[in-house]
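One structure is given here, and the rest of the page talks about it.
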Amino acid sequence: MTKSRRKVGIGAVVAAVVAAMITFTGLQGASAQDQSRRGWDHFGFGVPWEESYGYSQGIRGGDTVYISGQLSHDAAGNLVGVGDFEKQVRTSFDNMDKVLAHYRIPRSQIISMKIYTKDLRKNFDTAARLHKEYVGNHRTTDTILGVSDLAFPDQLVEIEAVALVSPRS
């Protein structure tokens, strides 16, 4: 084999390895078209920060829906319940219900939640009571975290979740 033929052969091998790595590991920052081809279904409310920060309220990948941290806002993206922790939790859960409804998932198919709250010691009992009210007798795996700050100055809570599209047998 001549020297020039070896270079072409090595280049082809490198290209094949890179293509295989992309196929198996995926591209970071894949386009919406690439994500659609993978079967991902993105859902958003159309609030300003979705586009400016580049995220979705929920993404379905296979049988799982990943729900971004929900906060207390109205349809225009205005914070609801300034200074009222219970109102913010309830509105955050209402927004979570909108994501679940988009994917036609009942609350009983939520498998995990994370609740981020300012002033955890003061707000823990209220968060626990409202969580129990929201999930009823269904038991989710959960974490509640006290944080020093959230995205918006008057925001007191943010709740994210993972849910199954259909229950497993």
Item to check | Residue within region 139-150 that is closer than 21 Å to HIS102 by Cα, in the same structural domain as MET113 (by TED's automatic domain parsing), touching a strand residue (DSSP E or B) at 6+ places or on another chain (Cβ under 7 Å) and in a loop (DSSP other than H, G, I, E, B) present | outcome: yes
Next on the checklist: If I ask for residues that are of a type outside the set (S, T, N, Q) and either closer than 10 Å to LEU156 by Cβ or out of contact with any helix residue (DSSP H, G or I) (no Cβ under 8 Å at 6 or more places or on another chain) (or both), which ones from region 78-95 would you list?
Outcome noted: LEU79, GLY81, VAL82, GLY83, ASP84, PHE85, GLU86, LYS87, VAL89, ASP94
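Conditions tested, residue by residue: (1) among the hydroxyl-bearing types (Ser, Thr, Tyr); (2) outside any strand (DSSP E or B); (3) surrounded by 13 or more Cβ atoms within 10 Å (Cβ to Cβ).
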| position | (1), (2), (3) |
| --- | --- |
| GLY83 | no, yes, no |
| SER92 | yes, yes, yes |
| ASP97 | no, yes, yes |
| ASN123 | no, yes, yes |
| GLU133 | no, yes, no |
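So that you can scan it fast, the table gives a plain yes or no per residue for (1) at pLDDT 95 or above; (2) among the β-branched types (Val, Ile, Thr):
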position	(1), (2)
GLN57	no, no
GLY81	yes, no
THR91	yes, yes
MET96	yes, no
ILE111	yes, yes
ILE115	yes, yes
ARG129	yes, no
HIS138	no, no
THR143	yes, yes
Checklist outcome for this item: Taking region 115-169 and keeping only residues that are touching a helix residue (DSSP H, G or I) at 6+ places or on another chain (Cβ under 9 Å) and β-branched (Val, Ile, Thr), one is left with ILE115, THR117, THR126, VAL135, THR140, ILE144, VAL147, VAL157, ILE159, VAL165
Checklist entry - Cβ-Cβ below 7 Å, separation at least six or inter-chain, first residue in region 108-125 and free of Cβ contacts under 8 Å to residues at least 60 places away in the same chain, second hydroxyl-bearing (Ser, Thr, Tyr) and not in a strand (DSSP E or B): which pairs? => result ILE110/THR140; ILE111/THR140; SER112/THR140; MET113/THR140
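The values are calculated or read from the model by the stated rules, or taken from the named source; none is laboratory data. Note that the structure is a prediction, hence the values are computed from the model and not measured. Don't worry about glycine lacking a Cβ; one is built from the backbone with ideal geometry, like all the others, and counts go over all protein chains shown.
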